[in-house]
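Reading through the structure tokens given below for one structure.
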Amino acid sequence: MTEISINPKLHPSWLDVLSEEFQKPYFYDLKRFLLSEKQKGKIIYPPGPLMFSALNLTPFDKVKVVILGQDPYHGPNQAHGLSFSVKFPTPIPPSLANIFLEMQNDLQCVPVTNGDLTPWALEGVLLLNAVLSVEANKAGSHRNRGWEKFTDSIIATLSQKRDFLVFVLWGRDAIQKKALIDSNKHLILQAPHPSPLSAYRGFFGSRPFSSINQALGSRGLNKINWGLDALRN
């Protein structure tokens with residue numbers, strides 16, 4: 001079994017709802033592509049065991065919020081399977097720095113110095129990229145290989161089978177996923193991407209964190225504890 005084998009170590013709650021996806025031709029093609037790239041000696045991020053971190057850290061029935069990203073970071077020691085997240089002590093990338101700045105202004109919290117969003121995932125925030133792998137130093141290199149079909153299925157399944165969720169769509173690519181979400185059941189929050197190229201076009205001031213907690217609280221659901229550094233040692 002190679003380290004990029006697809007189905008083995010996925011959380012049972014996700015295996016239950018996604019089992020049919022693993023049998024579809026596109027998924028076999030995706031697996032063959034990943035294995036071929038690995039056999040060619042190419043470096044792929046995140047490492048195979050971490051590709052499904054978002055699903056493994058946030059079981060299907062525990063999801064409260066979905067934050068959609070695009071594809072993983074393509075530099076060393078960055079991607080670890082959660083959208084926008086980087087493991088400490090990796091420097092915080094610009095988009096994540098803007099997310100933290102908006103969080104600080106929205107919630108009046110202390111500045112965040114650790115880019116690892118694992119505590120959010122454990123709180124029920126599914127940090128899902130549209131594409132779950134990338135070749136080192138080649139942004140977007142694994143797009144249109146099948147990942148989008150898989151993650152679209154995740155979004156559609158959550159929309160269909162779960163009750164109220166909050167879907168956070170930042171940027172054009174994420175906003176296009178609205179068609180997969182039942183807006184009569186779920187709350188959709190959208191804004192420009194937090195990238196430095198677009199954050200000043202409406203991401204700053206959108207107050208997503210307080211909006212999420214207000215929506216969860218109004219339905220009697222536990223709010224998300226967004227305080228990252230406070231949750232660590």
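Sequence gap at least 6, Cα distance under 8 Å: using those rules, report the relative contact order of the chain to the nearest whole percent. Working shown, then result.
On the way: 380 pairs, mean separation 51.3, N = 233.
Computed value for the chain: 22 percent relative contact order.
Below 13 angstrom from the Cβ of Gly217, what's the summed charge of the other residues (Lys, Arg +1; Asp, Glu -1)? Intermediate values should be presented prior to the final figure.
Numbers: positive: Lys64, Arg219, Lys223; negative: none.
Taking every other residue near Gly217 into account, the sum is +3.
Expected output is a single nm value to one decimal: the length gained when fully extending between Arg219 and Lys149, i.e. 0.36 nm times separation in residues minus the C-alpha distance. What is it?
Details: separation 70, 0.36 × 70 = 25.20 nm, distance 3.13 nm.
Separation in residues times 0.36 nm, less the Cα-Cα distance, equals 22.1 nm.
Mind checking which of Val66, Val112, Val166 has the largest fluctuation in a GNM of the chain, springs on alpha carbons under 10 Å?
Residue with maximal mean-square fluctuation among Val66, Val112, Val166: Val112.
Are any of the pairs Lys62/Lys223; Lys24/Lys178; Lys87/Lys178; Lys31/Lys161; Lys31/Lys178; Lys64/Lys161 more than 20 Å apart by Cα-Cα distance, and if so, which?
Violating the 20 Å Cα-Cα cut-off are Lys24/Lys178; Lys87/Lys178; Lys31/Lys161; Lys31/Lys178.
Between Ser206, Ser53, Ser85, where does the largest GNM mean-square fluctuation fall for the chain, given springs only between Cα atoms within less than 10 Å?
Highest fluctuation of the listed residues: Ser206.
Taking all protein chains in place and a 1.4 Å probe, what share, in percent, of the accessible surface of the chain do carbon and sulfur account for?
Working: 5720 of 11150 Å².
Here carbon and sulfur together make up 51 percent of the probe-accessible area.
Ignoring solvent entirely, what values of log10 I(q)/I(0) come out of the Debye formula for the stretch 1-137 at 0.16 Å⁻¹ when each Cα is a single scatterer?
Cα-only, vacuum Debye calculation for the stretch 1-137: -0.87.
Just to make sure I understand: if all protein chains stay in place, what is the order of Asp116, Asp173, Asp16 by accessible area at 1.4 Å, largest first?
Working: Asp116 20, Asp173 50, Asp16 120 Å².
Of Asp116, Asp173, Asp16, the descending order of accessible area is Asp16, Asp173, Asp116.
Express in Å², to the nearest 10, the accessible area of Tyr28 obtained by rolling a 1.4 Å probe over the protein heavy atoms while all chains stay in place.
Surface accessible to solvent at Tyr28 totals approximately 90 Å².
Leaving out ligands, DNA and RNA but keeping every protein chain, what accessible area does Met51 have, in Å² rounded to the nearest 10, with a 1.4 Å probe?
Spelled out: Met51, probe radius 1.4 Å, area about 10 Å².
Quick check: with the 1.4 Å probe, what order do His193, His186 take by accessible area, largest first?
Working: His193 35, His186 10 Å².
The residues order as His193, His186, largest area first.
Give the accessible area for Phe33 in Å² (nearest 10); use a 1.4 Å probe, count only protein heavy atoms, and leave out ligands, DNA and RNA.
The value for Phe33 is about 30 Å².
Mind telling me which of Val110, Val134, Val65 comes out most flexible in a GNM of the chain, alpha-carbon contacts under 10 Å?
Val110
Where does the charge balance sit around Val125 when Lys and Arg score +1, Asp and Glu -1, over other residues with C-beta under 12 Å from its C-beta?
Details: positive: Lys62, Lys64, Lys223; negative: Glu123.
Surrounding charge for Val125 is +2.
Over the chain, give the accessible area per residue in Å² for a 1.4 Å probe, as an integer. If you can, show how the numbers build up before the last one.
Values: 11150 Å² over 233 residues.
It amounts to 48 Å² per residue over the chain.
Need one word for the stretch 153-229: rounded, prolate or oblate. Basis is the Cα gyration tensor (sqrt eigenvalues a ≥ b ≥ c); a/c below 1.5 gives rounded, then a/b vs b/c decides.
Details: a/c = 2.14, a/b = 1.17, b/c = 1.83.
Here the stretch 153-229 falls in the oblate category.
Mean projection of the alpha-carbon convex hull of the chain over all orientations, in nm²?
Working: hull surface 50.1 nm².
If I average the Cα hull's projected area over directions, I get 12.5 nm².
Can you compute the helix-only [θ] at 222 nm over the chain? Use -39500 (n - 2.57) per DSSP H run of at least 4 residues, normalise by all residues, nearest 500 deg cm²/dmol. Walk me through the numbers before you get to the answer.
Values: 8 runs with 77 residues, N = 233.
Result for the chain: -9500 deg cm²/dmol, rounded to the nearest 500.
The values are calculated or read from the model by the stated rules, or taken from the named source; none is laboratory data. Treat the numbers as computed from the prediction; the structure is a model and nothing was measured. So basically every Cβ, Gly included, is an ideal-geometry build from the backbone, and we count neighbours across all protein chains shown. What goes into the accessible areas is simple: the full protein's heavy atoms, side chains included, and nothing from ligands, DNA or RNA. Shrake-Rupley method; radii C 1.70, N 1.55, O 1.52, S 1.80 Å.
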